[in-house]
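Enquirer: Please find one structure pasted underneath; my questions will follow.
Every number here is computed from the coordinates shown, using simple stated rules; none is lab data. Model, not experiment: these values are computed from the prediction. Positions of Cβ are generated from backbone atoms using ideal geometry, with glycine treated the same way; all protein chains shown enter the neighbour counts.
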Ligand SMILES: Cc1cc2nc3c(=O)[nH]c(=O)nc-3n(C[C@H](O)[C@H](O)[C@H](O)COP(=O)(O)OP(=O)(O)OC[C@H]3O[C@@H](n4cnc5c(N)ncnc54)[C@H](O)[C@@H]3O)c2cc1C
C-alpha cells in the first residue's frame, strides 16, 4: 500500500477513529483533525449511560433496526459485524458482557479506559492528532481550511474522510456546521432531525411542578401512525417539565417525529396497568369504596398511585372518574397527545445527513473525488441498543477501506 500517501480524517469520533485505524494499519500516513480540545467526547458521554456497544441479536434482526436504510448499512456490517466489534474491544484489552436484553457493554461499563487504550494504539501506529482544528471547507486549490488557535491553516491531503457526526449535543463538537459547507459543494443533505428523543406534551402547571423527573413504570406504549405498522412495547418513561422522555419513547421516536411532521401531533396510548385485564380492573374499581378517596381506592384496589394517578387526573374527565368501566378503559389506554419532538441538540442521535445517493459504493462523494463520509453524518438512523455505535465503527472501517481502494487506483 502507498506509504507516501497522506490522508486527513476530519472528526475524531468512533467513525473517524476507526477510519484512521484502518488506514494506519495499511501503512498510510494519517492525521486526525478535530474542532474540540480532545477527541471522542460524545463517545465518552455515551459511557455515562454504560456504553451500549452493540447487540447480540441475529444478523437479520440487527439489520432491520436501520429501517429503510438497512440495505445501505448492510455492507458495513458485513465487513465489521457486532461480533467483530466485540473482538476488537477484547483486542484492546477490555472485556464485554451481554445484558439481559442482549445488549453488549464493556465489563466496566465505561468509555474512558477503552478510548484511552484505543488512542494509545492509534498513536503507536503513527496516527497524528490535531485538536482545536475546526474544518471550514476548501479553498479554490482544493486545500482543506481549518480554523486553529494560531489562525487559519490550509492543509493538503491525498484523500479525506469526513466523520463529523450529527447535530445533537453541539457542545461536544458535533454541531452540524458541516451541512451548508457540503451543500455548497452540491452534496445532497437531508435536514438533520432529532432521533431517540423526548417529546413535548404541554402539561398543566400542577403536573409539571409536582411530578417532573418521576419515572413512570412499567407501562405499555401503543402507537399506530396513519400509514404504518403498529408500535407496541412495554418499558419505562420519565415525565419531564415539558412532556415525556426515556427508553420507551426513544424506541418509538422516529415514527412519532414523522407523524408530528405530517399531521401536527401524534397521540400515543399508555397502558398504565399492564398485566391487568380490563374487565378485572372494572370490577375492582366498581368495588364500594366507602369513605375512602378515589386516589386511595385506586391505590389499594388496582395499584395505581403517584405519577400514574396524576396522569389519570391530568387527562381523565369527571365523567371518566364517575364510571368504573370508563376509568378502566382509560387506565388501559390513556391517550397522550405529543405536539413536538424535543430540539435536536438534546437528542441522543440525529436522523438525516448526507444522502446515500451522493456516495459511490466505497463511501466516496460522487461530486468530490477523494472525499469520503462515515458515521452519524450519513442519512441513516437507528434506535438505541448499540446500533448507533456499531454502524459508526463499521462505516468508519468501510470508509477507510474505500480510501485504500481509491489511493491504490490513483
Ligand atoms: C447521551 C448519549 C448517549 C449515547 N449512548 C450511546 C450508546 O450507549 N450506544 C450507542 O450505540 N450510541 C450511543 N450514543 C450515540 C453515539 O455516541 C453516536 O452515534 C456516535 O458517537 C457518533 O459517532 P461519529 O463518529 O459519527 O460522530 P461523533 O462521535 O459525534 O464525532 C464527530 C466528531 O467530529 C468533530 N467535528 C464536528 N464538526 C467538525 C468540524 N467542522 N471540524 C473539525 N471537527 C469537527 C466533533 O468534534 C466530534 O469529535 C449516545 C449519544 C448520546 C448523546
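Enquirer: So what are region 138-254's ellipsoid semi-axes, whole angstrom, largest first, if each one is the square root of 5 times an eigenvalue of the alpha-carbon gyration tensor?
Expert: In descending order the semi-axes read 42, 19, 12 Å.
Enquirer: Given labels modelled 7 Å from the Cα in the Cβ direction, how far is it in nm from residue 171 to residue 296?
Expert: 4.6
Enquirer: Something else about it: How would you rank 318-324, 24-30, highest first, on the average number of other Cβ atoms within 10 Å across their residues?
Expert: Those peptides, ordered most packed to least, come out 24-30, 318-324.
Enquirer: Also: Each label point is 7 Å from the Cα along the Cα-to-Cβ direction; what then is the distance between the points at residue 92 and residue 214, in nm?
Expert: The answer from the label model is 4.1 nm.
Enquirer: Using 0.36 nm per residue, how much length does the chain from residue 315 to residue 78 gain when fully extended, once their Cα-Cα distance is taken away?
Expert: That pair, residue 315 and residue 78, stretches by 80.5 nm at full extension.
Enquirer: Also: Given the peptides 349-356, 366-373, 123-130, arrange them by the average over their residues of other C-beta atoms within 10 Å, most packed first.
Expert: 349-356, 366-373, 123-130
Enquirer: Determine the relative contact order of the chain: mean sequence separation of Cα pairs under 8 Å and six or more apart, normalised by residue count, in whole percent.
Expert: 24
Enquirer: Could I ask something else about it? Using alpha carbons only, how many angstrom separate the centre of region 379-410 from the centre of region 1-45?
Expert: 12
Enquirer: Same structure, new question: Once you sort the root eigenvalues of the Cα gyration tensor of region 218-270 as a ≥ b ≥ c, which label holds: rounded (a/c under 1.5), prolate (a/b larger than b/c) or oblate (the other case)?
Expert: Cα axes put region 218-270 in the oblate bin.
Enquirer: Right, another one. Convex hull over the Cα atoms of region 255-308, averaged projected area in nm²?
Expert: With the hull built on Cα positions only, its mean projection is 5.4 nm².
Enquirer: Using every Cα-Cα pair within the chain, state what percent have a distance larger than 28 Å.
Expert: Summing the P(r) tail past 28 Å for the chain gives 52 percent.
Enquirer: Could you give the spread of the C-alpha atoms of region 50-173 along their three principal axes, from largest to smallest, in whole angstroms?
Expert: 51, 35, 28
Enquirer: Let me ask you something else. Please give the per residue volume of the convex hull enclosing the alpha carbon atoms of region 201-341, rounded to a whole number of Å³.
Expert: It is 109 Å³ per residue.
Enquirer: Assuming R0 = 45 Å, can you tell me the calculated FRET efficiency for the pair residue 405 and residue 56, based on Cβ-Cβ distance, to the nearest 0.05?
Expert: According to the calculation, E is roughly 0.90.
Enquirer: On a C-alpha basis, how far is the centre of region 47-99 from the centre of region 239-278 in Å? Whole number, if you could?
Expert: Here the answer is 27 Å between Cα centres.
Enquirer: Quick one: which of 397-407, 225-235, 108-118 comes out on top by average Cβ neighbours within 10 Å, and what's the full order, highest first?
Expert: Listed from highest to lowest mean packing, they are 397-407, 108-118, 225-235.
Enquirer: Could you work out [θ]222 nm for the chain from helices alone, using -39500 (n - 2.57) per DSSP H run of at least four and dividing by all its residues? Round to the nearest 500 deg cm²/dmol.
Expert: -11000 deg cm²/dmol
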